[in-house]
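Taken together, the values in this text are just the output of simple stated rules run on the coordinates, not laboratory data. None of these values were measured; they are calculated from a predicted model. Note that we place each Cβ from the backbone using ideal geometry, even for glycine, and neighbour counts take in every protein chain shown.
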Amino acid sequence: MNSQTIGSVLTTKRIGVLALIALVVGAFAVGGFPLGALDSSDDSLGAVAAEEEQPRTVVSLVAADDAVHAGDTTTYDVVVENATGGVGAYAFAVTANDSAVATIDDVSLAGEPSQKQASMSTSNGGSTATVSAAGADTDDSGNVVVATVTVRGDGVGTTDLTLDVETLDTEAGQNYTVTDVLGTSIRVVEAEPVDQPLTAAAGDDLTVDEGANVTLDASASSGADGDLRYSWNQTAGPNVTLDSTNNSTASFVAPNVGERTTLVFDVTVSDDDETDTDTVEVHVRDTDDDDERETLATSVTMNPATDEIDEGDETTFDVVVTNASGGVGAYNVTVTVTDSDVAVVTGVELSGTTENSTSTVEIADDESSVRFVATGVDTDQNGSVVLATVTVEGDDDGETDLTLAVESLENEQGQSYTVTNATGSSLTVERDGRRTSSNDDSTEYTVDDIAQMKYGQNFAELDTETAGQVQAIANRQPLPAGVTPGDIETREEIANRLYGTDYDESELADELTREQLLEVQNSYDAQFGPLPTNPAYTLDDITGEKYWDYTFDEVSAETAGHVLAIYNRQPYTDDVAREDLVHIKTRTELAFRLYKLDLDESELASELTREQYLAVQNAYDAQFSNEQ
């Protein structure tokens, strides 16, 4: 009922009162008392006929709590003080003046009104609830609650809650005279920390050679209120001797085996209140078996590949192992600035070092090079791993290369990597104010531009697979500063450079080893920007969500390449939760979704039409169109 309708109800009730007075007067006349015989000075009849005096009240907001935690709600009662004749109709608005601090979440009406209307809105920075009701049945006297407003704390701070009363009537239809309206304020404080359950984390499963030093690590266990206690126990496989059973880490020497053998360990983690257990498997390879022997291969690169700075400014370059397997436990690396008149090395920050690591950093006297050596390093187990960040300062106008030499590189189990390629960077130093980028976010190369720069042909003249490669480069724009499409190598070109192969891109998954295929994928993605170093999701996370809880090490080479390509496109948008990873589709999955064709990667270029192949490539890249 709106205010006009409520007013109509009240007018009708007042007419009823006047009619009653008329009946009383008529009764006196019928009973033989002439109206003129009544003493006009007698106030008794005037008291009956006069309209009753309007009741008076104060309306206020009364808080249930002094403060509310961010993310929680609290309530405020709308109270009519010292009611006389109850409250039958009302219309009011409550506003939280700063919606960044608090917003109106809900309103419940008291007295079971027969007609009611409520709405919530946000405008001019505030949050408002507007309410009207009629036909309510409340307590007749005292302090009467007509509504309860629920307010949510959104951000730390304080804001006023204002109350505006438009209409307030008794149940008999009399208007209240509202002498005062009292608002209040809400104080929002930091949310209380949520107690997390104790979770034991025994670490990723490991694959090692017999005789290797193995370290089990449960330091990622979390959720305890106090100090954690650890207890390691071997549950399967040939017995080994752990150097400690009651620390977060436990080490042993992998036993000699006649075939691939699995050792299983449990770690029980407890605090004063909870206990949890997790399991880790260690797969031990027989190194005398040619099929089991694994050569660890990776390239080491510097990111970015090129950079430009002004004289006197500094920039940084990451030294990245592109295809770690078992992490990086030790390294000996030298970075050299070939022209120290143009730029010099001013510092190095090592990654993955802990209190148990030993490290040395040696900057040459003329600052032309830096050598950094570390052992006992703890890094991510798979994918790209940053070893160090080198800071370089521009000294004079000119260009210089930064070369990279890797003397030794081992994983955390002590196995040596074969470094297939060590790729440095280049740096251009300009005098102040003269530096310009060869391309920026506004530069956009068409597919014809890219086709001409790489192949000297128009895009329409390219075969299906080559057109797909060009489209993939176009979809990764903008390119890093100083990089043009002509600088970008395709996967088949990278494979040819690294391994001397002559395969088409569609043949790579069948012809390269797993390690080579992953190395090519990392090298390809690194051309478009730094590879992820501490991403939200690991290779095992993506593999497990997309492929039924398999680990990255357990899937085929082709599938591992798919997973790595998705992994390297991180960071994704903020709303990509772990359970959403399954919805990021590979090219083969998109070919099935779009055209109901069940094809391997090697069949896409030959079995799809050119238009279909390009549509699949575009659909694939569109999944990452909001990359940061």
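Only Cα pairs under 8 Å and at least 6 apart count here; give the relative contact order of the chain as a rounded whole percent.
Numbers: 1387 pairs, mean separation 55.2, N = 628.
Once divided by the residue count of the chain, the mean separation gives 9 percent.
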| message | So if each residue of separation counts as 0.36 nm, and I subtract the Cα-Cα distance between ASP273 and THR199, what length gain in nm does that give? | response | 25.4 nm
| request: Determine the calculated [θ] at 222 nm for the chain from helices alone, applying -39500 (n - 2.57) to every DSSP H run no shorter than 4 residues and normalising by the residue count; nearest 500 deg cm²/dmol. | output: -6000 deg cm²/dmol
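Kindly rank 332-345, 603-616 from highest to lowest mean number of other beta carbons found within 10 Å of each residue. List each step's numbers first, then the result.
On the way: 332-345: 19.9, 603-616: 17.1.
Result, highest mean Cβ count within 10 Å first: 332-345, 603-616.
Scale the Cα Rg of the stretch 530-619 by the rule-of-thumb value 2.2 N^0.38 Å and send over the ratio, two decimals. Kindly include the intermediate steps, with their values, before the conclusion.
On the way: Rg = 13.8 Å, N = 90, 2.2 N^0.38 = 12.2 Å.
Output field value: 1.13.
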| remark: Here, trypsin sites (Lys or Arg not before Pro) of the stretch 207-314 satisfying both criteria (DSSP loop; at most 15 other Cβ within 10 Å) are ARG260, ARG293
| For a label point 7 angstrom out from the Cα of ASP164 toward its Cβ, which stretches of the stretch 96-135 have the backbone nitrogen within less than 15 Å? | 96-98, 119-132
| Once you treat every alpha carbon in the stretch 447-623 as an equal point and sum by Debye, what is log10 I(q)/I(0) at q = 0.10, 0.15, 0.19 Å⁻¹? | -0.38, -0.91, -1.53
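What is the ratio of the Cα radius of gyration of the chain to 2.2 N^0.38 Å, where N is its residue count, to two decimals? Each step should come with its number before you reach the end.
Working: Rg = 38.5 Å, N = 628, 2.2 N^0.38 = 25.4 Å.
Dividing the Cα Rg of the chain by 2.2 N^0.38 Å gives 1.51.
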| field | Simple label model, 7 Å out from Cα along Cβ direction - ALA236 to HIS583, nm | value | 3.6 nm
| query | Which order do peptides 97-106, 581-590 fall in by mean Cβ count within 10 Å, highest first? | reply | 97-106, 581-590
| query | Hey, got the Cα dimensions of the stretch 56-189 along the principal axes, in Å, largest first? | reply | 44, 24, 22
| ALA220/ASP106 FRET efficiency (R0 35 Å; Cβ-Cβ; nearest 0.05) | 0.30
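Considering the convex hull of the alpha carbon atoms of the stretch 138-250, report its projected area averaged over all viewing directions, in nm², one decimal.
On the way: hull surface 60.3 nm².
Seen from a random direction, the Cα hull of the stretch 138-250 projects 15.1 nm² on average.
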| With a Cα-only, solvent-free Debye model of the stretch 297-430, what are the log10 I(q)/I(0) values at q = 0.12, 0.13 Å⁻¹? | -0.43, -0.50
| said: Using only the Cα atoms of the stretch 206-290, what are the Rg and Dmax in Å? | reply: 14.2, 50
